[in-house]
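Heads up: the structure comes next, in structure tokens.
Since every read-out is calculated from the coordinates, none of them should be taken as a lab result. From a predicted model like this one, the values you see are computed outputs, not experimental measurements. Every residue, glycine as well, gets a Cβ built from its backbone with ideal geometry; the counts of neighbours run over all protein chains shown.
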Amino acid sequence: MMRNSVLPLILCALLLAACTAGGKKPAASPKEVLSERLAAYAAEGKVLYGHQDDLSYGHAWCVTDWENDGLTRSDVRDVTGKYPAVVGFDLGGIELGDSCNLDKVPFGLMRKAALAHIGRGGIVTFSWHPRNPLTGGDAWDISSDEVVYSILEGGEKHEVFMEWLSRAADFLAGLGDVSVVFRPWHEHMGSWFWWGWRLCSANEYKALFQLTHDYFVQERGLTNLIWCFSPNGPITREDYLSRYPGDDYVDMLGTDIYEYPGSDPLDVAAARYQGQVREMLATLKELAAERGKFFCLSETGLEGLVDPHWWSDVLYPAVSGSGASYVLTWRNAHDMPGHFYAPWKGFAHEEDFKQFSNKEDIVLL
Ligand code: BMA
């Protein structure tokens, strides 16, 4: 009896010793593989192109029967013949156990599309616009500046919030043994989300990020996430670091910067945006090198693409040679005709996007 149960253990130990003696390294984890890929593209001077919600819907179309749909349609692919290398999804709504997110994307579709995209060599990133745990409003409900305080340990909404975190963790765990970029608590240097600058102290913000990280990684064993920190830019290096939760909590430095023409002429708005992106990415490059991280332009775009040469003359010169691993433009809403950030088949300036997608240092799939 004893001999039988010990024998397999001895065989295992011998096998392990033989492998170690032969110099074989243990297989790299999905997170190590993805980290190496992100760093390698950047080192080669290549920038991956990403698009939010690309596989769920596009301008004037939407997947309806996701269980029986191949999820192969994409506005980006319709125009360029290639998928974006990075696809973003948003978890907003998962915290309540909803079946669809805040933009009506079923979480089942999201899971299927994310895995299909990873399966074809793509990279997936998740943002999260959770509702307001104190007021019951949405992520943009800034009527109270005590929300973050209320969900930290000892706060009146702590238990509720831990339940919300557990639902988000369930979804990510359900993806299986794959690595994705997770980008919670974004754009916190503005004051439009309940976790924003005027709505909590720097220490509260850091504690929120750390609590999320520690719960996911230590309690839930979600060790495959690449943690992306992404304040809205442009901001100074000092401001960037003012709410940075620490090197142990962050793998990737991001920033969200959009072009907002307002009433300015397009060339003025374009020059301003280009300067902001260049400067911010230069700051991130420095910070990333000092800390052994990689970096990205985590969200960007010009709503409605009103500039006919935006891709070739504005975005491309701003990101080419920047060292960023990827740049992601925001979503093409199917139900808001002017709310789009990538061209679709038939869009007037699609040729400009094709040229961008064919640049040697811009990567699509
Ligand atoms: C915003 C807009 C909203 C959307 C939200 C979360 O920038 O696109 O319509 O609900 O992102 O995806």
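Among the DSSP beta bridges whose two residues both lie in the chain, what percent are antiparallel, rounded to the nearest 5?
Once the DSSP bridges in the chain are tallied, antiparallel ones form about 10 percent.
If you fit an axis through the alpha-carbon atoms of helix 107-119 and take the longest principal axis of the Cα set of the chain, what angle between them do you get, 0 to 90°, nearest 10?
80
What translational diffusion coefficient, to the nearest whole µm²/s, does the chain have by Stokes-Einstein, given a Kirkwood radius computed over alpha-carbon pairs, a temperature of 25 °C and 0.890 mPa s viscosity?
In µm²/s, the coefficient rounds to 114.
How about LYS206: which lysines have a C-alpha closer than 21 Å to its C-alpha, ignoring those fewer than 8 places off in the same chain?
Straight-distance partners of LYS206: LYS157, LYS293.
Determine the principal axes of the Cα atoms in segment 240-303, then give the extent along each, sorted from largest to smallest and rounded to whole angstroms.
Sorted largest first, the three principal extents are 43, 18, 17 Å.
Enumerate the amide H contacts of TRP61 below 5 Å, restricted to partners 5 or more residues apart or on another chain; note that Pro and chain-start residues carry no placed amide H.
The answer is none.
How would you order 127-139, 147-159, 51-63 from highest to lowest mean count of nearby Cβ atoms within 10 Å?
Going by the mean number of other Cβ atoms within 10 Å, highest first, we get 51-63, 127-139, 147-159.
Please report the projected area of segment 78-165's Cα convex hull averaged over all directions, in nm².
7.2
Please list the three semi-axes, largest first and in whole Å, of the ellipsoid equivalent to segment 152-200, using sqrt of 5 times the eigenvalues of its alpha carbon gyration tensor.
Each semi-axis is the square root of five times an eigenvalue, giving 24, 18, 6 Å.
Where nothing but the Cβ of Lys and Arg (+1) and of Asp and Glu (-1) is charged, how large is the charge dipole of segment 30-363 around its Cα centre, in debye to the nearest 20?
660
Are there any chymotrypsin sites (Phe, Trp or Tyr not before Pro) in segment 151-230 that are in a DSSP loop and have at most 16 other Cβ atoms within 10 Å? List them by number.
Here the chymotrypsin sites (Phe, Trp or Tyr not before Pro) that fit, given the DSSP loop and packing criteria, are TRP192.
Full extension from ALA282 to GLU32: what is 0.36 nm times the residue separation minus their Cα-Cα distance, to one decimal in nm?
Gain in length upon complete extension: 87.5 nm.
With point charges of +1 on the Cβ of Lys and Arg and -1 on the Cβ of Asp and Glu, referenced to the Cα centre of segment 30-363, which listed residue (VAL124, TYR258, ALA169) lies farthest in the positive direction of the dipole?
Sorting the options by dipole projection puts first VAL124.
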